[in-house]
Amino acid sequence: MSWLPKSPKARRRLWVVAAAAPVLALAVGLSLWAMKDNVTFFYSPSEATAEKVPVGQLIRLGGLVEAGSVVKGGDGSVRFSVTDNAASSTIVFQGDLPDLFREGQGIVAQGRFLPDRTFEATQVLAKHDETYMPREVADRLKEKGEWRPEATGN
């Protein structure tokens with residue numbers, strides 16, 4: 001046992017650290033494992049393929065609401081399509097849409113894909129004034145070369 005310190009105080013400290021380190025590592029590991037279901041990833045319609053986003057995984061899907069795609073159902077549901085001008089996805093939402101929701105506007109919807117690849121949204125976020133677009137949507141549009149700053153004010 002020549003690797004142990006000779007001082008009794010130093011030995012005690014070493015044993016305390018040796019006992020506390022695994023407990024701390026276990027606590028951090030359990031915390032990260034518990035939070036994994038709360039992580040929500042953002043995708044554009046062209047990125048939300050069946051390979052990248054399996055059925056039932058909670059994600060955020062963002063893009064521009066396609067013109068002429070908004071259809072309101074008699075049961076209070078709304079069906080519309082979002083696009084990043086490379087692909088589009090159909091979204092079904094049950095509930096009240098934000099007041100400023102309209103065609104041609106950038107939105108982010110949170111929810112899950114159904115087996116038929118229709119996106120069932122639990123929440124729809126729309127812009128809150130005339131110059132705002134969600135940053136994720138603006139970044140994706142810039143990447144695709146479809147950015148129109150004169151139309152959005154960003």
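At a glance:
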{"item": "Rh (Kirkwood; distinct C-alpha pairs) - the chain, Å", "result": "18.5 Å"}
{"item": "Residue order for ASP139, ASP116, ASP84, ASP99 - accessible surface, 1.4 angstrom probe, largest first", "result": "ASP99, ASP116, ASP139, ASP84"}
{"item": "For segment 1-89, size of Cβ-based charge dipole, Lys and Arg +1, Asp and Glu -1, in debye", "result": "1120 debye"}
{"item": "Heavy-atom accessible area per residue - segment 1-124, 1.4 Å, Å²", "result": "63 Å²"}
{"item": "Net dipole in debye of the chain [+1 Lys, Arg Cβ; -1 Asp, Glu Cβ; about Cα centre; nearest 20]", "result": "1520 debye"}
{"item": "Degrees, to the nearest 10: 135-144 long Cα axis against longest axis of the chain", "result": "70 degrees"}
{"item": "Straight-distance crosslink candidates among lysines, where the alpha carbon sits under 18 Å from LYS9 and sequence neighbours closer than 8 are dropped", "result": "none"}
{"item": "Principal semi-axes in Å for segment 15-96 [√(5λ), Cα gyration tensor, largest first]", "result": "43, 15, 9"}
{"item": "Accessible area (Å², 1.4 Å probe, nearest 10) - VAL78", "result": "10 Å²"}
{"item": "Rg and Dmax of segment 72-112, Cα atoms only, in Å", "result": "10.6, 31"}
{"item": "With every protein chain in place, the chain: carbon and sulfur % of accessible area (1.4 Å)", "result": "56 percent"}
{"item": "With Cα atoms, 0 to 90° folded angle of helix 8-35 axis to the chain main axis", "result": "20 degrees"}
{"item": "With DNA, RNA and ligands ignored, accessible area of THR49 (1.4 Å probe; Å², nearest 10)", "result": "50 Å²"}
{"item": "Solvent exposure ordering (accessible area, 1.4 Å, most first) of LEU100, LEU61", "result": "LEU100, LEU61"}
{"item": "By accessible area with a 1.4 Å probe, ligands and nucleic acids excluded, highest first: order of SER7, SER44", "result": "SER7, SER44"}
{"item": "Karplus-derived 3J(HN,Hα), 6.51/-1.76/1.60, for each residue of segment 91-98, Hz, glycine and proline x", "result": "10, 10, 10, 10, x, 8, 7, x"}
{"item": "Options GLY56, TRP15, PRO45, ranked by Cα towards positive dipole end of the chain, top entry (Cβ charges)", "result": "TRP15"}
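The values are calculated or read from the model by the stated rules, or taken from the named source; none is laboratory data. Treat the numbers as computed from the prediction; the structure is a model and nothing was measured. Ideal geometry is used to build each Cβ from the backbone, glycine not excepted, and the neighbour counts take in all protein chains shown. The area values use the complete protein model at the heavy-atom level, side chains included, leaving out ligands, DNA and RNA. Shrake-Rupley method; radii C 1.70, N 1.55, O 1.52, S 1.80 Å.
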